[in-house]
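Quick notes on the structure that follows.
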Number of protein chains: 2
Amino acid sequence: MIQKKASLDVKALARDVRSGSRAALARAITLVESRRGDHQAAARELVQLLLPDTGKAVRVGITGSPGVGKSTTIDALGTYLIAQGHRIAVLAVDPSSARSGGSILGDKTRMAQLAASDHAYIRPSPSSGTLGGVAAKTREAMLLCEAAGFDVVLVETVGIGQSETAVCDMTDFFLALMLPGGGDELQGIKKGLVELADMIAINKADGDNLKRANMTAADYRGALHILAPRSEHWHPPVETYSALTGTGIAKLWQKILDHRKAMSASGDFAARRREQQVKWMWSMLEQRMLSRLRTEASVRARVKKIEAEVADGRVTPALAAEHIMELLQ
Amino acid sequence: MIQKKASLDVKALARDVRSGSRAALARAITLVESRRGDHQAAARELVQLLLPDTGKAVRVGITGSPGVGKSTTIDALGTYLIAQGHRIAVLAVDPSSARSGGSILGDKTRMAQLAASDHAYIRPSPSSGTLGGVAAKTREAMLLCEAAGFDVVLVETVGIGQSETAVCDMTDFFLALMLPGGGDELQGIKKGLVELADMIAINKADGDNLKRANMTAADYRGALHILAPRSEHWHPPVETYSALTGTGIAKLWQKILDHRKAMSASGDFAARRREQQVKWMWSMLEQRMLSRLRTEASVRARVKKIEAEVADGRVTPALAAEHIMELLQ
């Protein structure tokens, strides 16, 4: 009976999400983020029910170091897009938020215009444990937002390697925000980022910074020129803009649309989405398997010990893997 | 009885490998590469027995596109090192060798000087299936070579993203070989490679190519300058050399030693080795778990079907992972 009731609730919740109810969307994301076994089963059912209503949004990942102006950029870009008739969902992947006690999106006042709009939905990063877990929950939250009718999803991430890869793996376009540099002290592009970015955008191209921003853009263009592009159908552009004045925001969006058009025409767009889904499945399977090793305290202690022996060079990885396999049986 | 006999053989084989017997080393690597269950168990025991005799070699990964001169470079570098009193093992990671019917190292005539030396041991890539499998076997072959007294291990790889990561994950120093470019048609550095390379070396800096090689090096230096280095203790240099004339070979080796010194002093060297070992353990565990999904034909067919449904967007990755978990129980 309880099973049946839960199942009915999920159907009602799916209907409410589909109708665009913000309260239902919030409840659905909370369900997805819950660690309770019955909640997780209900969440899987919910996302599966809504799956036909997903996939239509433009999914944009946005990264940048602290101070680059991620929040003001998202605020400006989101506000511009709402004026164009879009509905914007803003999500975040920040695995450190559990430790630091605050998410990068925790403070909605940092996106004052968007937070006040009925056409925007802002959700802070889930604050549970591992990057894999946080990313999985954000991916499902993205699907729920799409089912609720949000047609642009912006996923913010902190400028840390693995989080960036995770966000790139769930979006269609990965945007790296940078600041104007100054002469010799040009800030470095993190190497991993160069591989991921579909566009580099230099913020704060306004007032006294304008010239420096243009020089920085030229430097980055020179560097990117030497690197082979990820796709033969898209050479990542380097643009300048100002989140403060709004200059260049429309151009950033146009580049995102250009990319979508080029990738759709070549078939790369559909291929990237397919690959992302399959990769996601395998990573969830891996997490489920590894979570077995972490849930039982006695097993976990043994695994820690084996891991230390491998690190110290006392046991070969092959033998250690064998021991851990035995623990699982 | 059979069990005991096999166990005794492994001890004898370990002793023979330790004594530096080339025949024993070849037999040991063949054991590691075997897919038979009893061979794999014996191989695990063998590598564990020899583990205290491993870890002392300088481990260098070498990558480059076809035509860049990998074999002649390894031949020249190896011959130089033998003259310095070293013993050189050359291994390869080439997961395509099973399909193409030939390994990149299959033809020893491509390294004529090294192949003729008693102080070098050349072993082609294992030709079994997945990259993960090939890499695992090459890692263990590397340990066996170290136990047999080879104090420099060169691991060649084809210029393909995932193989390069695998080789970088098993070596101390990752060397990317490039050719001199010409003006506008400067060849691109693959982005993933920039993240991995500890040094970029431009081959064929001889005769008419010398000027072009120096210009290419300057261009790459400019590009690398903009990218943040992986370690604060090592900024990947860009060098020129000629495998044909031998010019610059000594300098390449000196840079490898400089790197080792800097990384050892900072503690990064030990940390990298520890991380590699732990990562290797988890990747072996993952392979063992996933191999369960591939061994039974009926399970494999179901997994393929589920994977296709996920790719087509008909089933969520979470639900698919759940189904696969059920297949495993």
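The values are calculated or read from the model by the stated rules, or taken from the named source; none is laboratory data. Just so we're clear, the structure is a prediction, and the values are computed from it rather than from any experiment. For neighbour counting, all protein chains shown are included, and Cβ atoms are generated from backbone atoms with ideal geometry for every residue, glycine included. Side chains are part of the model used for accessible areas, which takes the heavy atoms of the whole protein and leaves out ligands, DNA and RNA. Shrake-Rupley method; radii C 1.70, N 1.55, O 1.52, S 1.80 Å.
Some points to look at:
- For the protein assembly as shown, the average shadow cast by the Cα convex hull is 31.8 nm², which is a quarter of the hull's surface.
- Full extension of the chain between residue B:80 and residue B:235 gives 53.3 nm of extra length, using 0.36 nm per residue less the Cα-Cα distance.
- Whole-Hz Karplus values for the stretch A:78-84 come out as x, 5, 4, 5, 5, 4, 7 Hz, taken residue by residue from phi with 6.51 cos²θ - 1.76 cosθ + 1.60 and θ = phi - 60°; glycine and proline positions read x.
- Residues of the stretch B:1-92: accessible area per residue with a 1.4 Å probe, Å²: 47
- Pairwise centroid distance, computed over Cα atoms, of the stretch A:21-44 with the stretch B:205-261, Å: 54
- Annotation: amide H of residue A:155 within the under-5 Å range of A:60, A:61, A:62, A:91, sequence separation 5 or more or interchain, hydrogens built in the peptide plane.
- Averaged over the residues of A:269-281, the number of partner chain Cβ atoms lying within 10 Å of the residue Cβ comes to 4.
- Among the residues of the stretch A:212-244, those with an accessible-area drop of 30 Å² or more from chain alone to full protein complex, heavy atoms and 1.4 Å probe, are A:223, A:226, A:227, A:228.
- Cα-only Debye scattering, chain A: base-10 log of I(q)/I(0) at q = 0.12, 0.14 Å⁻¹: -0.90, -1.14
- For the chain pair A and B, the buried solvent-accessible surface (1.4 Å probe, both sides summed) amounts to about 5500 Å².
- Magnitude of the charge dipole for chain B, about its Cα centre and with charges confined to Cβ atoms of Lys, Arg (+1) and Asp, Glu (-1), is about 840 debye.
- Charge tally for residue B:20 (other residues, Cβ to Cβ under 12 Å; Lys, Arg +1; Asp, Glu -1): -1.
- Two-site label geometry, residue B:56 and residue B:304: point separation in nm, points 7 Å out along Cα→Cβ: 5.0
- In Å², nearest 10: area of residue B:234 left accessible to a 1.4 Å probe: 30
- Packing-based order for A:214-221, A:133-140, using average beta carbon neighbours within 10 Å, highest first: A:133-140, A:214-221
- In the protein assembly as shown, helical runs assigned H by DSSP with n ≥ 4 each contribute -39500 (n - 2.57); averaged across all residues and rounded to the nearest 500, the mean residue ellipticity at 222 nm is -18000 deg cm²/dmol.
- Per residue, the stretch A:277-329 exposes an accessible area of 52 Å² to a 1.4 Å probe, with every protein chain left in place.
- Heavy-atom accessible surface of the stretch A:219-299: percent carbon and sulfur, 1.4 Å: 55
- Across the options A:122, A:60, A:79, the greatest Cα extent toward the positive end of the charge dipole of chain A (unit charges at beta carbon of Lys, Arg, Asp, Glu) belongs to A:122.
- Of A:137/B:279; B:11/B:137; A:137/B:137; A:279/B:279; B:11/B:56, those spanning more than 28 Å from alpha-carbon to alpha-carbon: A:137/B:137
- Each copy carries a label point for residue B:264 at 7 Å from Cα toward Cβ; from one copy, the others' points are 5.9 nm away, ordered from shortest.
- Rounded to the nearest 20, the Cβ-based charge dipole of the protein assembly as shown about its Cα centre (Lys and Arg +1, Asp and Glu -1) stands at 1460 debye.
- Placing a label point 7 Å from Cα along the Cα-to-Cβ direction at residue B:38 gives distances to the equivalent points in the other copies of 5.3 nm, listed shortest first.
- Farthest toward the positive end of the dipole of the protein assembly as shown, out of A:328, B:147, B:131, is the Cα of A:328, where the dipole comes from beta carbon charges about the Cα centre.
- At least 30 Å² of accessible area lost relative to the chain alone, listed for the stretch A:19-53 with a 1.4 Å probe: A:44, A:48, A:51
- Under the simplified labelling scheme, the residue A:208-residue B:314 pair shows an inter-label distance of 6.3 nm, with each label point 7 Å from Cα along Cα→Cβ.
- Burial order of peptide ranges A:40-48, A:287-295 (average beta-carbon count within 10 Å, highest first): A:40-48, A:287-295
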